[in-house]
Amino acid sequence: MKNSLRAGLTSEFQFTIPPTKTVPHLYPESELFQQMPEVLATGFMVGLIEWACAEAIKPHLDWPREQTLGTDVKFSHLAPTPPGFTVKVNVTLIGVEGRKLTFAVTAHDGIDRISSGLHERFIIDAAKFNAKVAAKRSQLANAGQK
């Protein structure tokens, strides 16, 4: 990571919600979800906030060798957002402890604040991480052969 990655960094990220990011699309396999309202799914909101945080710090990493992965989410989902609304996500990097990054986050859909809270991410070495994932896949494949 670069010296410029410091607490106090702020960023705003915007995304217009398409119908494909609503509850019925979260798990198409779920008949239950298919019957629920067409509003931004909490699962997709989590991903949107992760995206906003990752974009905020990307210039301060040795990308793509260094990347970040979300490890903790502690934020609310306060109001429904129908498709077509643009959500603004504001993030502030409030803590840098080695490879652990902590963000304060808020999101607003132009009418309501839809989220606020904290999100943690860890900086990873992509090659080392991918090697661990490959080893885990290999364990599954080997377990299936027994």
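Overview of results
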{"quantity": "Contacts under 9 angstrom Cβ, first residue in the stretch 103-115 being assigned to a loop (DSSP other than H, G, I, E, B), partner surrounded by fewer than 24 Cβ atoms within 10 Å (Cβ to Cβ) and of a type in the set (S, T, N, Q), 6 or more apart", "calculated": "109/86; 110/86"}
{"quantity": "Qualifying positions in the stretch 43-52 - touching a residue at least 12 places away in the same chain (Cβ under 8 Å) and surrounded by fewer than 16 Cβ atoms within 10 Å (Cβ to Cβ)", "calculated": "43, 51"}
{"quantity": "Residue match in the stretch 50-57 (condition: in contact with a Pro (Cβ under 6 Å, 6 or more places away or on another chain) and at pLDDT 95 or above)", "calculated": "no"}
{"quantity": "In the stretch 94-115, the residues that are surrounded by 11 or more Cβ atoms within 10 Å (Cβ to Cβ) and within 21 Å of residue 6 (Cα to Cα)", "calculated": "94, 95, 96, 99, 100, 101, 102, 103, 104, 105, 106"}
{"quantity": "The stretch 111-129 - residue that is of a type outside the set (D, E, K, R) and touching a Gly at 6+ places or on another chain (Cβ under 9 Å) and, of those, nearest to residue 92 (Cα to Cα)", "calculated": "119"}
{"quantity": "All positions within the stretch 92-139 that are aromatic (Phe, Trp, Tyr) and within 28 Å of residue 78 (Cβ to Cβ)", "calculated": "103, 122"}
{"quantity": "Pairs, first basic (Lys, Arg) in the stretch 74-96, second assigned to a strand (DSSP E or B), C-beta under 8 Å, six or more apart", "calculated": "74/117; 74/118; 74/119; 88/12; 88/13; 88/14; 88/107; 88/108"}
{"quantity": "Answer residue from the stretch 8-41, given it is surrounded by fewer than 16 Cβ atoms within 10 Å (Cβ to Cβ) and touching a strand residue (DSSP E or B) at 6+ places or on another chain (Cβ under 9 Å) and is farthest from residue 111 (Cα to Cα) among those", "calculated": "8"}
{"quantity": "Residue, surrounded by the most Cβ atoms within 10 Å (Cβ to Cβ), within the stretch 53-91, restricted to residues that are assigned to a loop (DSSP other than H, G, I, E, B) and polar (S, T, N, Q)", "calculated": "81"}
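The values are calculated or read from the model by the stated rules, or taken from the named source; none is laboratory data. This structure is a prediction, so every number in the text was calculated from the model and none was measured. Methodologically, a virtual Cβ is constructed for each residue, glycine included, from the backbone with ideal geometry; neighbour enumeration extends over all protein chains shown.
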